[in-house]
Amino acid sequence: MLGVTESAVRSAIKDNRINVLPDGQIDPVAARASWAGKTDPSRSRVRTTGKVRTQGAQEGAHSSAQVKTEKDAREAITLIARILSEEGMQDDGKGVDFGKVRTAELILKARQRELDQAEQAGKLVDRALAEKLFFDTARENRDAWQSWPGRIAITMADELNVDARALTTILTTYVRQHLVEMGEPEAGPLRQ
(Lines give C-alpha, C1' and ligand atoms only; values in the text may rest on other atoms or scores of the structure.)
Protein backbone atom coordinates (compact mmCIF):
# COMPACT_ATOMS: atom_id res chain seq x y z
CA MET A 1 0.00 0.00 0.00
CA LEU A 2 2.82 2.45 0.85
CA GLY A 3 5.12 1.13 -1.85
CA VAL A 4 7.92 0.23 0.57
CA THR A 5 9.44 -3.02 1.76
CA GLU A 6 8.15 -4.99 4.71
CA SER A 7 11.38 -4.25 6.58
CA ALA A 8 10.75 -0.51 6.12
CA VAL A 9 7.30 -0.93 7.66
CA ARG A 10 8.73 -2.96 10.55
CA SER A 11 11.36 -0.27 11.09
CA ALA A 12 8.64 2.41 11.08
CA ILE A 13 6.65 0.43 13.66
CA LYS A 14 9.76 0.04 15.82
CA ASP A 15 10.50 3.79 15.57
CA ASN A 16 6.84 4.64 16.37
CA ARG A 17 6.31 6.24 12.98
CA ILE A 18 3.39 3.85 12.40
CA ASN A 19 1.04 2.73 15.16
CA VAL A 20 -0.21 -0.84 15.43
CA LEU A 21 -3.75 -1.58 16.58
CA PRO A 22 -4.25 -3.73 19.73
CA ASP A 23 -5.07 -6.77 17.55
CA GLY A 24 -1.70 -6.42 15.74
CA GLN A 25 -3.11 -5.02 12.48
CA ILE A 26 -2.33 -1.68 10.90
CA ASP A 27 -5.00 0.89 10.02
CA PRO A 28 -4.11 1.85 6.39
CA VAL A 29 -5.44 5.43 6.58
CA ALA A 30 -3.73 6.15 9.90
CA ALA A 31 -0.54 4.46 8.67
CA ARG A 32 -0.36 6.65 5.55
CA ALA A 33 -1.01 9.83 7.59
CA SER A 34 1.49 8.82 10.26
CA TRP A 35 4.11 7.92 7.64
CA ALA A 36 3.65 11.28 5.91
CA GLY A 37 3.88 13.23 9.16
CA LYS A 38 6.80 11.44 10.76
CA THR A 39 9.03 10.38 7.87
CA ASP A 40 11.51 12.54 6.00
CA PRO A 41 10.34 12.54 2.35
CA SER A 42 13.93 12.73 1.11
CA ARG A 43 14.54 9.32 2.75
CA SER A 44 11.32 7.64 1.65
CA ARG A 45 9.94 6.35 -1.61
CA VAL A 46 6.38 6.98 -0.54
CA ARG A 47 4.66 9.76 -2.51
CA THR A 48 7.95 11.19 -3.74
CA THR A 49 9.86 11.28 -6.98
CA GLY A 50 13.43 10.22 -7.58
CA LYS A 51 14.48 13.86 -7.77
CA VAL A 52 13.10 14.60 -4.31
CA ARG A 53 14.72 11.50 -2.80
CA THR A 54 18.18 12.37 -4.05
CA GLN A 55 17.94 16.12 -3.64
CA GLY A 56 18.37 16.12 0.16
CA ALA A 57 21.40 13.84 0.03
CA GLN A 58 23.07 15.90 -2.70
CA GLU A 59 22.57 19.19 -0.89
CA GLY A 60 23.69 17.78 2.45
CA ALA A 61 20.56 19.25 3.97
CA HIS A 62 20.56 17.03 7.03
CA SER A 63 24.28 16.82 7.76
CA SER A 64 24.53 20.39 9.09
CA ALA A 65 21.29 20.20 11.07
CA GLN A 66 22.13 17.25 13.28
CA VAL A 67 20.99 17.45 16.88
CA LYS A 68 23.63 16.00 19.19
CA THR A 69 22.35 16.73 22.71
CA GLU A 70 19.01 16.89 24.48
CA LYS A 71 19.54 20.64 24.97
CA ASP A 72 19.98 21.07 21.20
CA ALA A 73 16.76 19.12 20.63
CA ARG A 74 14.82 21.31 23.09
CA GLU A 75 16.20 24.46 21.48
CA ALA A 76 15.26 23.20 18.01
CA ILE A 77 11.72 22.35 19.09
CA THR A 78 11.35 25.74 20.79
CA LEU A 79 12.58 27.48 17.63
CA ILE A 80 10.17 25.52 15.44
CA ALA A 81 7.24 26.28 17.76
CA ARG A 82 8.17 29.99 17.84
CA ILE A 83 8.41 30.23 14.05
CA LEU A 84 5.08 28.50 13.56
CA SER A 85 3.35 30.65 16.19
CA GLU A 86 4.76 33.83 14.61
CA GLU A 87 3.06 32.77 11.38
CA GLY A 88 -0.24 32.20 13.21
CA MET A 89 -0.13 28.41 13.31
CA GLN A 90 -1.51 27.28 16.64
CA ASP A 91 -0.02 24.36 18.58
CA ASP A 92 -2.31 21.36 18.15
CA GLY A 93 -0.84 19.59 21.18
CA LYS A 94 0.50 16.69 19.10
CA GLY A 95 4.12 17.78 19.35
CA VAL A 96 6.51 18.40 16.49
CA ASP A 97 6.35 16.11 13.48
CA PHE A 98 8.29 16.20 10.23
CA GLY A 99 5.56 18.23 8.50
CA LYS A 100 5.88 21.02 11.07
CA VAL A 101 9.66 20.97 10.76
CA ARG A 102 9.41 21.28 6.97
CA THR A 103 6.89 24.13 7.31
CA ALA A 104 9.18 26.00 9.72
CA GLU A 105 12.13 25.43 7.38
CA LEU A 106 10.17 26.83 4.41
CA ILE A 107 9.13 29.86 6.48
CA LEU A 108 12.76 30.53 7.42
CA LYS A 109 13.85 30.18 3.78
CA ALA A 110 11.14 32.63 2.69
CA ARG A 111 12.23 35.12 5.36
CA GLN A 112 15.85 34.78 4.26
CA ARG A 113 14.84 35.39 0.63
CA GLU A 114 13.01 38.55 1.71
CA LEU A 115 16.10 39.78 3.57
CA ASP A 116 18.36 38.98 0.61
CA GLN A 117 16.05 40.86 -1.75
CA ALA A 118 15.83 43.84 0.60
CA GLU A 119 19.61 43.91 0.90
CA GLN A 120 20.04 43.77 -2.89
CA ALA A 121 17.49 46.57 -3.29
CA GLY A 122 19.46 48.73 -0.84
CA LYS A 123 16.69 48.75 1.78
CA LEU A 124 18.93 47.31 4.51
CA VAL A 125 21.92 48.99 6.10
CA ASP A 126 24.91 47.68 8.01
CA ARG A 127 23.97 47.72 11.70
CA ALA A 128 27.46 48.63 12.95
CA LEU A 129 27.64 51.55 10.52
CA ALA A 130 24.15 52.76 11.52
CA GLU A 131 25.01 52.53 15.23
CA LYS A 132 28.24 54.49 14.70
CA LEU A 133 26.41 57.18 12.73
CA PHE A 134 23.70 57.40 15.42
CA PHE A 135 26.32 57.66 18.19
CA ASP A 136 28.30 60.34 16.34
CA THR A 137 25.15 62.39 15.65
CA ALA A 138 24.02 62.12 19.28
CA ARG A 139 27.45 63.25 20.47
CA GLU A 140 27.41 66.25 18.10
CA ASN A 141 23.95 67.23 19.37
CA ARG A 142 25.05 66.89 23.01
CA ASP A 143 28.16 69.00 22.39
CA ALA A 144 26.10 71.68 20.62
CA TRP A 145 23.65 71.86 23.53
CA GLN A 146 26.46 72.05 26.10
CA SER A 147 28.04 75.03 24.33
CA TRP A 148 24.71 76.80 23.73
CA PRO A 149 24.39 78.56 27.16
CA GLY A 150 27.80 80.21 26.75
CA ARG A 151 26.92 81.47 23.25
CA ILE A 152 23.42 82.78 24.00
CA ALA A 153 23.60 83.92 27.66
CA ILE A 154 25.15 87.31 26.99
CA THR A 155 22.51 88.20 24.39
CA MET A 156 19.69 86.93 26.64
CA ALA A 157 21.09 88.74 29.71
CA ASP A 158 21.23 91.99 27.76
CA GLU A 159 17.60 91.57 26.60
CA LEU A 160 16.42 90.66 30.11
CA ASN A 161 18.64 93.21 31.86
CA VAL A 162 20.18 90.59 34.20
CA ASP A 163 23.69 89.49 35.14
CA ALA A 164 25.24 87.53 32.23
CA ARG A 165 27.35 85.26 34.51
CA ALA A 166 24.36 84.28 36.62
CA LEU A 167 22.25 83.56 33.52
CA THR A 168 25.07 81.49 31.98
CA THR A 169 25.35 79.43 35.17
CA ILE A 170 21.59 78.87 35.39
CA LEU A 171 21.24 77.95 31.69
CA THR A 172 24.25 75.59 31.87
CA THR A 173 22.80 73.84 34.93
CA TYR A 174 19.39 73.29 33.34
CA VAL A 175 20.77 72.24 29.94
CA ARG A 176 23.06 69.66 31.58
CA GLN A 177 20.19 68.38 33.73
CA HIS A 178 18.03 68.03 30.63
CA LEU A 179 20.79 66.17 28.75
CA VAL A 180 21.15 63.73 31.66
CA GLU A 181 17.39 63.12 31.61
CA MET A 182 17.45 62.53 27.84
CA GLY A 183 20.37 60.12 28.14
CA GLU A 184 18.53 57.68 30.40
CA PRO A 185 16.32 55.26 28.45
CA GLU A 186 12.81 54.51 29.62
CA ALA A 187 12.24 51.09 31.15
CA GLY A 188 10.69 48.70 28.65
CA PRO A 189 11.46 45.88 26.25
CA LEU A 190 14.54 46.21 24.08
CA ARG A 191 14.02 46.28 20.34
CA GLN A 192 16.36 44.73 17.84
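The values are calculated or read from the model by the stated rules, or taken from the named source; none is laboratory data. Computed from a predicted structure; not experimentally measured. Positions of Cβ are generated from backbone atoms using ideal geometry, with glycine treated the same way; all protein chains shown enter the neighbour counts. All accessible areas refer to the heavy atoms of the entire protein, side chains included, with ligands and DNA or RNA removed. Shrake-Rupley method; radii C 1.70, N 1.55, O 1.52, S 1.80 Å.
For this structure, a couple of remarks:
- For the range 1-32 versus the range 159-183, the spacing of their alpha-carbon centroids is 82 Å.
- Spin-label pair Q120-K132: with each label point 7 Å from Cα along the Cα-Cβ axis, the two points sit 2.7 nm from one another.
- The range 120-144 and the range 66-111 have Cα centres separated by 35 Å.
- For the range 132-152, the residues whose backbone nitrogen is under 11 Å from a point 7 Å from the Cα of A164, taken along Cα to Cβ, are 151-152.
- Model label points for A33 and R82, set 7 angstrom from Cα along the Cα-to-Cβ axis, are 3.1 nm apart.
- Ligands, DNA and RNA left out, the accessible area of the range 73-151 computed with a 1.4 Å probe is 56% carbon and sulfur.
- In nm, spacing of pseudo-spin labels at D97 and K71 (7 Å Cα→C-beta vector): 3.2 nm
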